[in-house]
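One structure below.
The values are calculated or read from the model by the stated rules, or taken from the named source; none is laboratory data. Source: prediction; values computed, not measured. Virtual Cβ from ideal backbone geometry, glycine too; neighbours counted across all protein chains shown. Calculation scope for accessible area: heavy atoms of the full protein, side chains included, ligands and nucleic acids excluded. Shrake-Rupley method; radii C 1.70, N 1.55, O 1.52, S 1.80 Å.
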Amino acid sequence: MEEKKGKQVLWAGRLEKKPAKEAFDFQASIGVDYLMAEEDIAGSKAHVKMLGDQKIIPKETAAVLIDELSQIDDELKCGKLTVDASCEDVHSFIEGVLTERLGEAGRMVHAGRSRNDQVVLDFKLYCKKRAVKIQKEIKNTIAVLLDAGNSHLNTIMPGFTHLQRAQPVTLAHHLTAWACALKRDAERFTDALSRLNECPLGAGALAGSTLPLDRNAVASALGFERPALNSMDAVAARDFVIELASCCAITQINLSRFCEDIVIWASEEFGFINLAEEWSTGSSIMPQKKNPDFAELIRGKSARATGNLTALLTLVKGLPYAYNKDLQEDKEALFDSFETLEKCLFMFSGMIKTAGFNAVAMKAACVGGFLEATDCAEYLVKAGTPFRKAHEISAAIVRACVKDGLKSITEMPLERLKTFSPLFESGVYELLTPQACVKGRSLAGGPAPEETARQIAALREFLTNF
Ligand code: ARG
């Protein structure tokens, strides 16, 4: 094992002694970057093809190398070849296998390349793959929310501010609010992806190469728009990593907020949601408990996303240009954010898909909190009262109701209402029911069923075109 490792170290020529095992293991990154094997191979294939085309290496050798790289790729995918964990990193592993199999030809692949540009290439390609997968999960989650919302366009529930019941809305309106946030999350990833469009290969360690590399050919072969403009920037910058970690963190924090609502809704006191038994847990001591653990865990896991983003910002703060080994720490943090978010989106949508909503409890919660007080004020505004005065009148009515033990403004007789304002007519009562409060809010963005249906349709159209 030790002997093999010595052979695979790419920088062995400079040092007479082999690194101490502990030192070698400490700086090795194969435990993390093995995940980018596919991307490393794709990058090598494009690089080698260009080396052949540019006559930097014989064309036939390039062809042989490309075939062998494809073979290695296939073997890794089917499990015939496994990553050698004793290698320093994925780059030396692939180059090592190539050299082991092809001898001298394998030793030609690294011409005009450094692991500094190679690792950024692998990372960018890998990020593209993972970001697109996350976008798919976000889209699926939006679809699940919209389906649930569509079945609850008329399910009235209290909307909250300060976690105090505020005004009646519908469950569809609430779920669509979550979907709107997720739409922006998906778009944010697209935006971040648009900045992954420059190929670092050809930047070398930091200052390019004296070899006649064709950077444009490599960039387009690998699906980039162009080569990175500046070789130092190409190997030193990690804002793309921070940006993606930020996209993950924002999405994760959104999920965390939704989950907070779910935890509250699942409480005995609220009883708005019945999480499926398969998506709940019990207590080891309290036989009566059915806990919303999955919502709590998604909320809890958002701490990782925040931590990873903070770690990445801290990692690059104060780093001199260009490459520093510190940057090796970038992958673990972002990979964890990717992994966590993908899993949490999957869990969240599964939880919502299987949940039952308690329309009776939601509607009941709209009674008794004077959620119609704003509508009462707006009734007076429509009759010509200045809003500030209407607000005072409605507040005075609420105070009187509380004093008299009335649960709603609609429980106050008309003659009494008229003592607060002569503008009240008998028609006011039917306008102050929770249903009427919702129906009356048909303004764009509002909770009126036909308006929320329009919002759902707009989001569905977004999903189709995204
Ligand atoms: N594992 C390294 C990383 O992730 C690869 C680049 C190594 N470059 C170097 N100069 N030691 O950053």
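Rounded to the nearest whole angstrom, the semi-axes of the ellipsoid equivalent to segment 302-455, taken from the Cα gyration tensor as √(5λ), stand at 53, 20, 15, largest first.
Set the Förster radius R0 to 22 Å, insert the Cβ-Cβ distance between ASP191 and SER220 as r into 1/(1 + (r/R0)^6), and round the FRET efficiency to 0.05. Plugging the Cβ-Cβ distance into 1/(1 + (r/R0)^6) gives 0.50. Between the helical axis of 293-316 and the dominant principal axis of the chain, each derived from Cα atoms, what acute angle in degrees is found, rounded to the nearest 10? Between the helix axis and the principal axis of the chain, the angle is about 50 degrees. The magnitude of the dipole of the chain, with charges of +1 and -1 set on the Cβ of Lys/Arg and Asp/Glu and taken from the Cα centre, is near 880 debye. Centre-to-centre separation between the Cα atoms of segment 296-321 and those of segment 57-79: 37 Å. Compute the long axis of helix 171-194 from its Cα atoms, compare it with the longest principal axis of the Cα atoms of the chain, and write down the angle in degrees, 0 to 90, nearest 10. For helix 171-194, the angle is close to 20 degrees. What does a probe at GLU339 reach in segment 12-29, counting residues whose amide N is under 17 Å from the point 7 Å along Cα→Cβ? Those under the cut-off are 29. Ordering of 439-451, 33-45 by packing is 33-45, 439-451, highest average first (other Cβ atoms within 10 Å, averaged per residue).
For the modelled label position 7 Å from the Cα of ASP239 along Cα-to-Cβ, which residues of segment 188-210 have backbone nitrogen atoms closer than 12 Å? Under 12 Å, as judged by backbone N against the label point of ASP239, lie 195-196 of segment 188-210. How large is log10 I(q)/I(0) at q = 0.13, 0.14, 0.21 Å⁻¹ when the Debye formula is applied to the Cα atoms of segment 19-138, each weighted equally and without solvent? Evaluating at q = 0.13, 0.14, 0.21 Å⁻¹ gives log10 I(q)/I(0) of -0.54, -0.62, -1.22. Extending 7 Å from the Cα toward the beta-carbon at both ALA395 and GLU461 defines two label points whose distance is 4.2 nm.
Comparing the chain with the 2.2 N^0.38 Å rule of thumb, its C-alpha radius of gyration ratio is 1.35 (two decimals). Semi-axes of the equivalent ellipsoid of segment 287-356 are 36, 12, 8 Å, computed as sqrt(5λ) over the eigenvalues of the C-alpha gyration tensor in descending order.
Close amide H contacts of PHE357 (hydrogens built in the peptide plane, cut-off under 5 Å, sequence separation of 5 or more or a different chain): ASN274. Across segment 401-466, counting alpha-carbon atoms alone, Rg and Dmax equal 18.2, 57 Å. Of all aspartates and glutamates in the structure, the ones whose alpha carbon falls short of 12 Å from that of LYS290, not counting any fewer than 8 places away in one chain, are GLU268, GLU277, GLU278.
Taking 19 Å as the cut-off, the amide N atoms of segment 100-121 that come nearer than this to a point 7 Å along the Cα-to-beta-carbon line of ALA205 belong to 108-121.
Extent along the principal axes, Cα only, for segment 227-356: 61, 30, 21 Å, with the longest axis given first. Full extension of the segment from THR310 to ARG14, taken as 0.36 nm per residue of separation minus the current Cα-Cα distance, would add 102.9 nm. Computed over the Cα atoms of segment 99-188, pair by distinct pair, the Kirkwood hydrodynamic radius stands at 17.3 angstrom. If R₀ is 25 angstrom, what is the calculated FRET efficiency for the pair LYS21 and ALA63, using the beta carbon separation as r and rounding to 0.05? It comes out at approximately 0.05.
Distances between placed amide hydrogens fall under 5 Å for ALA166 paired with GLY159, PHE160, THR161, all partners being 5 or more residues away or on another chain.
Centre-to-centre, using Cα atoms only, segment 83-116 and segment 366-433 are separated by 78 Å. Ordering VAL32, ALA46, ALA12 by the projection of their Cα atoms onto the charge dipole of segment 1-87, which places +1 on the Cβ of Lys and Arg and -1 on the Cβ of Asp and Glu, puts ALA12 at the extreme positive end.
Work out the charge dipole of the chain with +1 on the Cβ of Lys and Arg and -1 on the Cβ of Asp and Glu about the Cα centre, then indicate which of ALA179, ASN324, THR385 is farthest towards its positive end. Value computed over the given set: THR385. Partner lysines whose Cα lies under 27 Å from the Cα of LYS136, excluding those fewer than 8 positions away in the same chain, are identified as LYS77, LYS124, LYS128, LYS183, LYS301, LYS331, LYS343, LYS353.
Solvent-accessible surface (1.4 Å probe) assigned to LEU431 amounts to roughly 90 Å².
Each of SER220, ASN197, THR210 was placed along the dipole of segment 190-248 (beta-carbon charges, centred on the mean Cα), and the one lying farthest toward the positive end is THR210. Here the gap between ALA436 and LYS353, fully extended at 0.36 nm per residue and compared with their Cα-Cα distance, gives a gain of 27.0 nm. Extension gain for ASN291 to LYS363 (0.36 nm times residue separation, less C-alpha to C-alpha distance): 23.6 nm.
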